[in-house]
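Taking it in order: structure first as structure tokens, then the write-up.
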Number of protein chains: 2
Amino acid sequence: MRELLRVAPGGAVDLAAVDPRSTPGLPGQEVTGPQRKEWTRGQVTLIGAELGRRQEMLFADATARQSARPVGAAAGVDGSAGGGEGAAAAGGADRAGVTGGRRVLLVLQAMDCGGKDGTIKRVAGAMNPLGLHVRSFGPPTAEELQHDFLWRIRRALPPPGYVGVFNRSHYEDVLVARVESLVPESIWQARYDEINAFEREQADAGVTMVKVLLHISYAEQGRRLLERLDEPRKHWKYDPSDVDARARWDDYQAAYAEALSRCGTDAAPWYVVPADRKWYRDWAVAHLLRETFDTLDLGYPPAGFDVRRERERLLGSERTS
Amino acid sequence: MRELLRVAPGGAVDLAAVDPRSTPGLPGQEVTGPQRKEWTRGQVTLIGAELGRRQEMLFADATARQSARPVGAAAGVDGSAGGGEGAAAAGGADRAGVTGGRRVLLVLQAMDCGGKDGTIKRVAGAMNPLGLHVRSFGPPTAEELQHDFLWRIRRALPPPGYVGVFNRSHYEDVLVARVESLVPESIWQARYDEINAFEREQADAGVTMVKVLLHISYAEQGRRLLERLDEPRKHWKYDPSDVDARARWDDYQAAYAEALSRCGTDAAPWYVVPADRKWYRDWAVAHLLRETFDTLDLGYPPAGFDVRRERERLLGSERTS
């Protein structure tokens with residue numbers, strides 16, 4: 001799947017050539033009709049359980065690296081990878097040594113209604129929330145605007161051992177910022193290189209990024225927006241500005257193509273997932289994550305203590321009453 | 001369940017009187033034997049799905065309140081409750097008005113092996129990770145120690161619309177801090193009132209707290225620690241200091257009893273959940289959360305736009321090619 005959906009580094013990207021209804025790499029082609037959808041959903045459940053196991057190994061690995069605990073730790077920690085956000089991240093990276101504080105970061109980008117929320121619910125939802133680090137990026141706040149565009153991104157990175165999910169990301173700064181002319185061209189043009197440098201730096205620090213464009217068609221976006229209007233329980237998801245952005249569809253597609261082409265690197269590859277079919281989308285993203293975990297060669301860490309001695313201490317603690 | 005498991009405000013707490021293997025409030029007593037466990041697990045799945053629906057309503061409610069979007073928002077947001085941590089929280093509280101920026105916060109405390117991680121996996125895992133805000137508290141870092149004990153807690157509060165989960169909490173500062181004499185008695189004695197004032201303040205700001213002690217027996221802790229030693233894949237969860245803390249079991253039970261007695265308030269009640277049986281524990285916590293959602297009287301917010309007009313704009317955007 002990674003080879004199949006990946007944007008070739010340095011290559012031109014033609015999104016119009018990718019059919020949003022296609023299902024590249026999906027096995028079980030012998031299963032057809034409505035059963036195909038059900039079969040694929042079943043596969044997502046199976047892959048999800050496997051993702052949960054890998055997530056635990058990643059977490060265990062980071063916990064073991066942090067086992068040199070701070071003073072006063074006696075009974076204050078229970079295998080948790082740590083306290084406050086930045087603190088945990090910094091502490092972990094500090095003690096990680098040569099191999100870095102490993103973590104996985106799924107970056108999700110899409111046009112409105114592209115399915116980011118649904119993907120998070122079904123794919124990230126298969127993992128233990130204790131080891132997940134999900135962050136959504138809206139328009140920058142007044143405080144965020146006082147810093148460079150990567151400032152809020154750095155603060156939102158997952159600590160070692162965690163699986164992070166970015167619901168939108170720093171790519172908004174070369175997408176909406178470009179299409180809506182929120183900054184001068186000289187500013188957004190410089191950002192592609194800045195993003196590549198940042199992502200290279202993160203890769204060196206142990207962050208394995210999986211950047212995914214959920215690729216939907218213009219027609220499918222229209223259907224989904226209409227569904228939000230026709231279903232009162234979905235009104236909260238609708239925003240009139242979504243139709244304004246829809247009017248600039250082609251500009252957005254061009255901006256996506258350039259971002260994927262210029263920032264699809266070996267350090268942080270981009271994948272294009274056809275997303276008109278939700279069941280395929282979930283399956284493809286789950287599969288990409290599993291393959292990414294495979295490259296990490298995870299395993300449970302060895303005990304950092306004398307197992308026999310601990311067993312004796314523990315058995316000696318039994319009470320008769 | 002809330003009435004059944006709740007610590008009466010102002011009352012004395014006798015943890016020894018609560019059987020960790022009991023299953024108060026569990027219906028379906030006609031189902032017995034091994035089937036009882038399976039039946040209860042099925043109920044957790046059903047309640048979990050309901051929790052997911054309530055969580056979405058809570059999220060929708062906060063999103064609607066935030067609908068006065070900042071400049072430049074055109075296409076940058078997609079129903080997400082917002083950007084950086086503090087930013088989202090502050091922004092939401094700002095615009096929430098009279099009813100406050102509503103959110104739910106599950107606080108989990110337990111002795112080692114009490115089942116906090118498992119509860120988070122099964123109960124919080126039933127909700128959408130996009131709207132979850134899980135935070136684990138370990139021993140304070142050097143930075144955290146430079147501030148009062150509630151500083152890191154305030155920074156970890158869920159933004160409006162989110163369901164927060166605290167894996168350990170500010171209660172460690174009247175538990176481990178007291179039993180291990182990490183601070184003088186005059187310091188930890190003052191903290192009960194400080195905690196009550198803090199929790200009252202949070203309740204007024206829209207935070208509905210559900211504080212749960214997962215109550216296990218001394219014998220069950222011994223079994224679970226042994227399991228961690230005997231299973232190499234669980235070694236990462238074991239820490240030799242856990243046996244040291246076990247030696248001070250009675251001191252910890254006394255510290256828990258006092259914390260529950262002094263900080264079980266109407267604004268932020270404490271619940272004691274018998275937790276030797278994992279399936280009952282998950283069921284009870286899920287049930288407590290569902291009942292807590294019920295008190296919030298949630299519903300989907302009305303549209304903040306003219307639905308008919310938006311429908312026309314959207315249909316006018318259809319392309320023929």
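The values are calculated or read from the model by the stated rules, or taken from the named source; none is laboratory data. This is a predicted model, so every value here is computed, not measured. Note that each Cβ is placed from the backbone with ideal geometry, even for glycine, and that neighbours are counted across all protein chains shown.
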Handout entry: Enumeration of residues in the stretch B:124-150 that are in a loop (DSSP other than H, G, I, E, B) and among the aliphatic types (A, V, I, L, M)
Key = B:127, B:150
Completion exercise
Scanning the stretch A:1-59 residue by residue, those β-branched (Val, Ile, Thr), surrounded by 15 or more Cβ atoms within 10 Å (Cβ to Cβ) and not in a loop (DSSP other than H, G, I, E, B) turn out to be A:40, A:44, A:47
Problem - Test set (1) within 41 Å of the chain's Cα centre (by Cα); (2) assigned to a loop (DSSP other than H, G, I, E, B) - residue B:283 fails condition number - result: (2)
Problem - Answer from A:298, A:289 - the residue that is more than 30 Å from residue B:244 (Cβ to Cβ), within 14 Å of chain B (Cβ to nearest Cβ) and either touching a His at 6+ places or on another chain (Cβ under 9 Å) or part of a loop (DSSP other than H, G, I, E, B) (or both) - result: A:298
Practice task
Return the only residue of A:256, A:238, A:218 being within 23 Å of the chain's Cα centre (by Cα) and of a type in the set (Phe, Trp, Tyr).
Solution key: A:256
Problem - Residue among B:248, B:277, B:281 that alone is at negative phi, basic (Lys, Arg), touching a helix residue (DSSP H, G or I) at 6+ places or on another chain (Cβ under 7 Å) and buried (at least 21 other Cβ atoms within 10 Å of the Cβ) - result: B:281
Exercise for the section: Using the structure shown, decide if residue A:139 is facing chain B (nearest Cβ under 7 Å) and modelled with pLDDT of 50 or more. Expected result: yes
Problem - Complete set of residues in the stretch A:123-136 that are at the interface with another protein chain (Cβ under 7 Å from one of its Cβ atoms) and within 15 Å of the chain's Cα centre (by Cα) - result: A:124, A:125, A:128, A:129, A:132, A:134, A:136
Exercise for the section: Return a yes/no flag: does the stretch B:175-194 have any residue that is within 22 Å of residue B:101 (Cβ to Cβ), among the small types (Gly, Ala, Ser) and surrounded by fewer than 20 Cβ atoms within 10 Å (Cβ to Cβ). Expected result: no
Exercise for the section: Would you check if residue A:186 is part of a helix (DSSP H, G or I), more than 20 Å from the chain's Cα centre (by Cα) and farther than 16 Å from residue A:169 by Cα? Expected result: yes
Fill in the blank from the handout: Apart from one, (1) more than 24 Å from the chain's Cα centre (by Cα); (2) in contact (Cβ under 8 Å) with a residue 12 or more places away in the chain all hold for residue B:209; the odd one out is (1)
Fill in the blank from the handout: Among residues of the stretch B:281-303 being small (Gly, Ala, Ser) and out of contact with any Pro (no Cβ under 9 Å at 6 or more places or on another chain), the residue modelled with the lowest pLDDT is B:299
Problem - Of all residues making up the stretch A:168-190, the number that are small (Gly, Ala, Ser) and touching a Phe, Trp or Tyr at 6+ places or on another chain (Cβ under 8 Å) - result: 2
Completion exercise
Filtering the stretch A:218-275 for residues that are within 14 Å of chain B (Cβ to nearest Cβ) and either assigned to a helix (DSSP H, G or I) or closer than 22 Å to residue A:177 by Cα (or both) leaves a count of 37
Handout entry: Residue check, residue A:153 surrounded by fewer than 16 Cβ atoms within 10 Å (Cβ to Cβ), out of contact with any Gly (no Cβ under 8 Å at 6 or more places or on another chain), more than 9 Å from chain B (Cβ to nearest Cβ) and not in a strand (DSSP E or B)
Key = no
Handout entry: Scan of the stretch B:301-317 for residues that are assigned to a loop (DSSP other than H, G, I, E, B), free of Cβ contacts under 8 Å to residues at least 60 places away in the same chain and in contact with a helix residue (DSSP H, G or I) (Cβ under 6 Å, 6 or more places away or on another chain), ordered by number
Key = B:303, B:317
Exercise for the section: Please specify each residue of the stretch B:102-122 satisfying the condition of being farther than 20 Å from residue A:122 by Cα, outside any loop (DSSP other than H, G, I, E, B) and at the interface with chain A (Cβ under 8 Å from one of its Cβ atoms). Expected result: B:116, B:117
Completion exercise
Filter the stretch B:208-219 for residues that are touching a Lys or Arg at 6+ places or on another chain (Cβ under 8 Å) and not hydrophobic (A, V, I, L, M, F, W, C); the one that is surrounded by the most Cβ atoms within 10 Å (Cβ to Cβ) is B:208
Practice task
For residue B:200, indicate whether it is part of a helix (DSSP H, G or I), touching a helix residue (DSSP H, G or I) at 6+ places or on another chain (Cβ under 8 Å) and of a type in the set (D, E, K, R).
Solution key: no
Problem - Search result, residues across the stretch A:181-202 that are free of Cβ contacts under 8 Å to residues at least 12 places away in the same chain and at negative phi - result: A:182, A:183, A:184, A:185, A:186, A:187, A:189, A:190, A:193, A:197, A:201
